[in-house]
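Below: one structure, written as structure tokens.
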Amino acid sequence: MKRYGMVIGLRKEKVDAYRKLHAAAWPEVLAMIGSCNIRNYSIFLRVLDDGEPRLFSYFEYTGPDFAADMARMAADPVTQRWWALCKPCQRPLEGRAADEWWSGMEEVFHAD
């Protein structure tokens, strides 16, 4: 199992819309997340000192091939429709890698 932390900005005017979307997450999207070996998935919201809202996600990946599972999720038509609603709410960080939407984070500490 590998733990992942990711961060992305959230447009101020879209905070309520993003909350509403995730309060009624589509069952098909949740099923796809699970079938792609993602467990214990959470998204947290915080407005930082600069006044900008940020989202932090955490999940645990239990599969053997993360890239293949993420490609399968990205190819799913229902997931694509869900992302089409979510992406306009998000504001990717400027310093992210070329292939990232959410910016990956380095785990620097963990305790069970």
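Some points to look at:
- MET1 fulfils the conditions (1) under 30 Å from HIS110 (Cα atoms); (2) surrounded by 12 or more Cβ atoms within 10 Å (Cβ to Cβ) except for a single criterion, (2).
- If the condition is being among the aromatic types (Phe, Trp, Tyr) and within 26 Å of GLY95 (Cβ to Cβ), then region 1-30 contributes TYR4, TYR18.
The rows are residues; the columns are (1) on the phi > 0 side of the Ramachandran plot; (2) in contact (Cβ under 8 Å) with a residue 24 or more places away in the chain; (3) among the aliphatic types (A, V, I, L, M).
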position	(1), (2), (3)
GLU28	no, yes, no
ALA31	no, no, yes
GLY34	no, no, no
ARG46	no, no, no
SER57	no, yes, no
TYR61	no, yes, no
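- Just one of (1) modelled with pLDDT of 95 or more; (2) surrounded by 15 or more Cβ atoms within 10 Å (Cβ to Cβ); (3) not β-branched (Val, Ile, Thr) fails for ARG96. It is (1).
For every residue, the table says whether it meets (1) of a type outside the set (Val, Ile, Thr); (2) under 15 Å from the mean Cα position of the chain (by Cα).
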{"site": "LYS12", "(1), (2)": "yes, no"}
{"site": "ALA17", "(1), (2)": "yes, no"}
{"site": "TRP26", "(1), (2)": "yes, yes"}
{"site": "ILE38", "(1), (2)": "no, yes"}
{"site": "PRO53", "(1), (2)": "yes, yes"}
{"site": "THR62", "(1), (2)": "no, no"}
{"site": "GLU94", "(1), (2)": "yes, no"}
{"site": "GLU100", "(1), (2)": "yes, yes"}
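- Out of ALA74, ALA68, ALA25, ALA84, one residue alone is surrounded by 10 or more Cβ atoms within 10 Å (Cβ to Cβ), small (Gly, Ala, Ser), over 17 Å from TYR4 (Cβ atoms) and at pLDDT 95 or above. It is ALA25.
- Any hit, region 89-103, residues being within 19 Å of ALA25 (Cβ to Cβ), among the hydrophobic types (A, V, I, L, M, F, W, C) and part of a helix (DSSP H, G or I): yes
- Flag not set for ASP112, criterion: among the acidic types (Asp, Glu) and surrounded by 15 or more Cβ atoms within 10 Å (Cβ to Cβ).
- Scanning region 31-75 for residues that are among the basic types (Lys, Arg) and over 15 Å from ARG91 (Cα atoms) gives ARG39, ARG72.
The values are calculated or read from the model by the stated rules, or taken from the named source; none is laboratory data. As the structure is a computational prediction, the values presented were derived from the model and not from experiment. Don't worry about glycine lacking a Cβ; one is built from the backbone with ideal geometry, like all the others, and counts go over all protein chains shown.
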